[in-house]
1. Report ³J(HN,Hα) in whole Hz for each residue of region 259-268, in order, from the Karplus equation J = 6.51 cos²θ - 1.76 cosθ + 1.60 where θ = phi - 60°; Gly and Pro get x.
2. Nearest 5 is fine: what % of DSSP beta bridges in region 177-422 come out antiparallel, could you say?
3. Say the cut-off is 18 Å between C-alpha atoms; which of Lys104/Lys305; Lys217/Lys403; Lys68/Lys164; Lys245/Lys335; Lys68/Lys237 go over it?
4. For region 63-79, take each phi angle, set θ = phi - 60°, evaluate the Karplus expression 6.51 cos²θ - 1.76 cosθ + 1.60, and give the result in whole Hz per residue in order, putting x for glycine and proline.
5. Amide H to amide H under 5 Å from Asp140: which residues, 5+ apart in sequence or cross-chain, H placed 1.01 Å off N in plane?
6. Rounded to the nearest 0.05, what FRET efficiency do Arg269 and Asp312 have when you use their Cβ-Cβ distance and R0 = 25 Å?
7. I'd like the trypsin sites (Lys or Arg not before Pro) in region 241-277 restricted to DSSP loop residues with at most 15 other Cβ atoms within 10 Å, sorted by number.
8. List the residues whose amide H sits under 5 Å from the amide H of Tyr135, counting only those 5 or more places along or on another chain, with H placed 1.01 Å from N in the peptide plane.
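Each value in this text was obtained by applying a stated rule to the coordinates, not by laboratory testing. These numbers were taken from a predicted model, which means no experiment stands behind them. Methodologically, a virtual Cβ is constructed for each residue, glycine included, from the backbone with ideal geometry; neighbour enumeration extends over all protein chains shown.
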Amino acid sequence: MKFDMNNYDLSLSHSDIGSNRHLNDTKNSSGWSEIDEWGPEKVLQVYDPDTGMKGVLVIDNTSTGPGKGGIRFAESVTPAEVFKLARTMTWKCASAGLPFGGAKGGIIANPNKVNQVEWMKSFAKMIRPYCPSQYIAATDVGTTELDMAVFAHEIGDMRACTGKPQELGGIPHELGTTGYGVSVALRTTLDFLKDIKRKGLEASRPLLDLTNSLDKKSNDIKVVIQGFGNVGSFTAKFLNELDLKVVGVSDVSGFVYDENGLDIPQLMRDMSDKSKLSDLTLGNNQQQQQQHHNQRRYSYNILEKDEIFKVDSDIFIPAALTGVINDNTAPNLLKNNVKIIVEGANIPTTPSADQYLVDNNVLIIPDFLANSGGVIGSFVEYQGRTEKEAFDLIEYKITNNVKRALYNSISSRDQGDDTLEVNVRKVAMETAKQIVYRAMLLRKGAISVAREAYARKERVIY
Ligand code: NAD
């Protein structure tokens, strides 16, 4: 899948892909230190003196379509964070082959401490000129389908966002589309490892070791999930349906752990009227009363939230915050025998921790592949199609994309190289960059370049 543009007189040559050359050139003049050859195209900081609302919109790259990305509503939101999330969306939409670019919104406040509806309306009003032509919103941390209803009405266009309530023709993220996609990504990875043996694929010694160490019944494969919100809870639900053993889930309040495997359907039922895992202890009285009525009593072993980094597991799924797998926590994951990380959260792994883990033969399925279920579902909603079609398309696309990245990773190894060399992030990122780069050429009007590239079949096939 070589993509050689060096023969053409274009300001962005193939050798620039992934380099920081343009970043250094523009750093001082733009005042926006993160700018590079891919974007961002627009950075908008908004403030509404009437409500006090402060927000950020970053439209990173729209060469593949209007920028798509959720609105994060949290005190910790910064322009730099919104930019990084917008960039992740650029690669995510390209990897998934969707006609969307990358963008992200952010509202800077704890949604529980402000008038959430007023602030959402205010944010919508401020960014209205860009919706939906350059920005199509969705939910993210701190926002739900109800916020999307408010946003769409304020913009005055139902196409301004996805993840809307079903009454507005939406496919809410609350149906678990992202968590479903994370489970598909893990299932595909485990199938790939089985295929190495079954099909006798040529693999390095560490990859064969990894395959052997996971060659056990699915309900002996231990999974822990950090985060029990939208992504984490549905990931747990769908992994449980795949018969994998979820031994621990954590949230901001604690870590629920059972080395023999949690009863996920029961946990989800018990959590239905609670807002955090530590509230499960509050149910004890009621549970005891139930016991008097000869019903089964469930008691949970609730530890400190960071104990999640201290228990033995085969698979670790971050589904909460950015940067949680870092130089401090990555060595613990290794010590606890983690072999696969599937990134449910956006940017959960710092670059140095990523390198350390890959060097130590941990297989990482990156965020822009693993958690693309939400945006694939959004695309189906945008087209006015059904929930069933959303789940089908998520399964189809994530299976193919993860499989392609894994196969490409092992086939791009140097002969005789005995390192694991399954750097899925690197390989999948290169594919995404090729797609965005070609779209940028087409937008530029470099039709002849694109035509020749197509004639040479230099296309990424889905
Ligand atoms: P959410 O707000 O529903 O849930 C977040 C969870 O993380 C909560 O359970 C919270 O208690 C927990 N958490 C917060 N701080 C924690 C800590 N220090 N330790 C452990 N847990 C902690 O958010 P979400 O929608 O599930 O999103 C989670 C992540 O997935 C984010 O990074 C988001 O950007 C990403 N993501 C979400 C979607 C989606 O469709 N919701 C799609 C793609 C990516």
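1. For region 259-268, the Karplus-derived couplings read 4, 8, x, 7, 8, 5, x, 5, 4, 5 Hz, x marking Gly and Pro.
2. Close to 30 percent.
3. Distance filter (> 18 Å) returns Lys104/Lys305; Lys217/Lys403; Lys245/Lys335; Lys68/Lys237.
4. These are the phi-based 3J(HN,Hα) values: 5, 9, x, x, x, 10, x, x, 9, 8, 10, 7, 4, 7, 4, 10, x Hz.
5. For Asp140, the qualifying residues are Ile71.
6. 0.40
7. Working: sites: Lys245, Arg269, Lys274, Lys276; in loops: Lys274, Lys276.
The qualifying sites are Lys274, Lys276.
8. Under 5 Å from the amide H of Tyr135: Gly67.
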